[in-house]
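Visitor: Below you will find the structure I want to go over with you.
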Amino acid sequence: MRPQTPSRRAFLPAAAALATVPLHARASTLGPDAFRFGLTPVCLTSDLELLARLQGYLERALNRPVRLVTRRTYQEITALLISGELDAAWICGFPFVAYQPRLALAAVPVWRGRPLYRSYLITSSGRNAERLPDLQGDIHAFSDPDSNSGWLVTAAELATGGSSPDRFFRRTFFTWGHRNVVRAVASGLADSGSVDGYVYEVMRETDPALVARTRIVRASEWLPFPPLAIAAGAAASDKAARFRDALSAMTGDAEGRAVLAMLRLDGFRQEDAGLYDPIARKIALVRGLPG
């Protein structure tokens, strides 16, 4: 059981030890005016064409160089964002809520007409399992300990019954990416997994043979989509304002629409942070479970 609290993570020492690494060689020549944008596995970071087009759009819209920064975990990117080493990042709703009031919303992605998505419990395609209780005793794959859809939703559901992942499953492990959860279940490395429904649906289009070896056991309620966040102390800065405008303008720009099409998103829009209250309730539920 791993209830996430900022005090336990000690993120500032971690952030001091991390350095941003550009994806493209020319980023090493960028000066202090560059916009530093962090990406986590919630974005399709394995698609180099997507990243190049996203960088190109943002550089033109912001009228400044852009450095795209990736890390293996949500915790690393969140630490860099809070410490001021990133100007913005596409993170998960879990760390966004857990680190309030140090983070502010820049925008929320809109997928299939709403700023919402779901967590999926998945298993192998030939298995007869219809509910979470059917997965008891499994080897279960989670994506990241700071992921809403890839850890928290399942942990909160178990907490309602007085259990936890460590007690309910025979063994659990983290794959450090939603795509890797699907791969683990499809290959038999895991009996079941918790995965981002948006990523799973995109993979259904881009890698149908792999996804066909799995099936959805349960889709959660609709929850707020992983946000694009900025440090609260920089929320009123010119950089932050221009970034928000660039995201909102994507639907009216040909290159922006191309990036959105690759992401399978309708666009980005402004939302109140209260949208993430359902995740806050799940965090409180998991934190209240006795060890």
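Visitor: Residue 280 is checked against (1) over 24 Å from residue 103 (Cβ atoms); (2) within 21 Å of the chain's Cα centre (by Cα) and fails just one. What number does that condition carry?
Guide: (1)
Visitor: Looking at region 183-203, which of its residues are of a type in the set (Phe, Trp, Tyr) and in contact with a Pro (Cβ under 9 Å, 6 or more places away or on another chain)?
Guide: 198
Visitor: Now for a different question. Which one of the conditions (1) surrounded by 20 or more Cβ atoms within 10 Å (Cβ to Cβ); (2) touching a residue at least 60 places away in the same chain (Cβ under 8 Å); (3) under 14 Å from the mean Cα position of the chain (by Cα) does residue 142 fail to meet, given that it meets all the rest?
Guide: With (1) surrounded by 20 or more Cβ atoms within 10 Å (Cβ to Cβ); (2) touching a residue at least 60 places away in the same chain (Cβ under 8 Å); (3) under 14 Å from the mean Cα position of the chain (by Cα) applied to residue 142, the lone miss is (2).
Visitor: Please go through region 95-127 and give me each residue that is within 17 Å of residue 270 (Cα to Cα) and hydroxyl-bearing (Ser, Thr, Tyr), ordered by number.
Guide: Correct list: 117 only.
Visitor: A further question on this structure: Mind checking which pairs have a first residue in region 252-267 that is over 19 Å from residue 202 (Cα atoms) and a second that is assigned to a helix (DSSP H, G or I) and hydroxyl-bearing (Ser, Thr, Tyr), Cβ under 8 Å, 6 or more apart or different chains?
Guide: What qualifies is 253/57; 255/57.
Visitor: Does region 10-18 contain any residue that is at pLDDT below 85 and at positive phi?
Guide: yes
Visitor: Here is a list: 231, 190. Which entry is among the aliphatic types (A, V, I, L, M), crowded, with 21+ Cβ neighbours inside 10 Å, touching an Asp or Glu at 6+ places or on another chain (Cβ under 9 Å) and over 22 Å from residue 127 (Cβ atoms)?
Guide: 231
Visitor: Using the structure shown, decide if residue 86 is under 18 Å from residue 243 (Cα atoms) and modelled with pLDDT under 95.
Guide: Here the answer is no, as residue 86 does not meet what is asked.
Visitor: Let me ask something else. Is it the case, given these coordinates, that residue 81 is at pLDDT 95 or above, assigned to a loop (DSSP other than H, G, I, E, B) and in the same structural domain as residue 50 (by TED's automatic domain parsing)?
Guide: When the stated conditions are applied, residue 81 does not pass them.
Visitor: Residue pairs, Cβ under 6 Å, 6 or more apart or interchain, first in region 207-219 and closer than 9 Å to residue 186 by Cβ, second basic (Lys, Arg) and surrounded by fewer than 17 Cβ atoms within 10 Å (Cβ to Cβ). List them.
Guide: Every condition considered, the pairs that remain are 211/204.
Visitor: Among the residues of region 103-122 satisfying the criterion of being part of a strand (DSSP E or B) and of a type in the set (Gly, Ala, Ser), which is surrounded by the most Cβ atoms within 10 Å (Cβ to Cβ)?
Guide: 119
Visitor: Let me ask you something else. Testing residue 213 on (1) at positive phi; (2) of a type in the set (Lys, Arg); (3) over 20 Å from the mean Cα position of the chain (by Cα), one condition comes back false. Which one is that?
Guide: The single condition residue 213 does not satisfy is (1).
Visitor: What do you reckon, is residue 169 surrounded by fewer than 24 Cβ atoms within 10 Å (Cβ to Cβ), in contact with a strand residue (DSSP E or B) (Cβ under 6 Å, 6 or more places away or on another chain) and closer than 22 Å to residue 39 by Cβ?
Guide: no
Visitor: Any idea how many residues of region 53-102 are surrounded by 24 or more Cβ atoms within 10 Å (Cβ to Cβ), touching a Leu at 6+ places or on another chain (Cβ under 7 Å) and of a type in the set (Phe, Trp, Tyr)?
Guide: Of the residues in region 53-102, 2 are surrounded by 24 or more Cβ atoms within 10 Å (Cβ to Cβ), touching a Leu at 6+ places or on another chain (Cβ under 7 Å) and of a type in the set (Phe, Trp, Tyr).
Visitor: Could you list, in sequence order, all residues of region 147-162 that are part of a loop (DSSP other than H, G, I, E, B) and modelled with pLDDT of 95 or more?
Guide: Of everything in region 147-162, just one residue is part of a loop (DSSP other than H, G, I, E, B) and modelled with pLDDT of 95 or more, namely 147.
The values are calculated or read from the model by the stated rules, or taken from the named source; none is laboratory data. What you see is a predicted model, and the numbers here were worked out from it, not measured in a lab. Methodologically, a virtual Cβ is constructed for each residue, glycine included, from the backbone with ideal geometry; neighbour enumeration extends over all protein chains shown.
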